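Asker: This is the structure, below, for whatever I ask next.
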Amino acid sequence: MRPQQDAHGRLTGRFSSRNCYGQEKVNRLLRVEPHRETYRLIAYGDSRGDREMLAFADEGIRISGNS
């Protein structure tokens, strides 16, 4: 995900691809590693946006922000 630039090279605050949040994290992983049955997935997350990835993983570990 790269930030978009305007015609003068200034950052616009928009992204050139979808925000990597929620189900999009799972989608991106599957694009890179589609054969889910061939690997064990351990995922770590610290926000609501990680919920789908943690559920998708063989082992999902929620990390507290107070470490």
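We did not get these values from a lab; they are worked out from the coordinates using the rules stated. These figures come from a predicted structure and were not determined experimentally. We place every Cβ from the backbone using ideal geometry, glycine too, and count neighbours over all the protein chains shown.
Asker: Among the residues of segment 23-67, how many are closer than 27 Å to GLN5 by Cβ and surrounded by 15 or more Cβ atoms within 10 Å (Cβ to Cβ)?
Answerer: 4
Asker: How many of the residues in segment 44-59 are of a type in the set (Gly, Ala, Ser) and either assigned to a loop (DSSP other than H, G, I, E, B) or in contact with a Cys (Cβ under 9 Å, 6 or more places away or on another chain) (or both)?
Answerer: Count: 3.
Asker: Could you check segment 11-43 and list, in sequence order, the residues that are part of a strand (DSSP E or B) and touching a Leu at 6+ places or on another chain (Cβ under 8 Å)?
Answerer: Of everything in segment 11-43, just one residue is part of a strand (DSSP E or B) and touching a Leu at 6+ places or on another chain (Cβ under 8 Å), namely ALA43.
Asker: List, please: which pairs have Cβ atoms under 9 Å, are six or more places apart or on different chains, and start with a residue in segment 24-36 that is free of Cβ contacts under 8 Å to residues at least 40 places away in the same chain and farther than 13 Å from PHE56 by Cα and end with one that is aromatic (Phe, Trp, Tyr) and exposed (fewer than 15 other Cβ atoms within 10 Å of the Cβ)?
Answerer: If the second residue must be aromatic (Phe, Trp, Tyr) and exposed (fewer than 15 other Cβ atoms within 10 Å of the Cβ), the pairs left are GLU33/TYR39.
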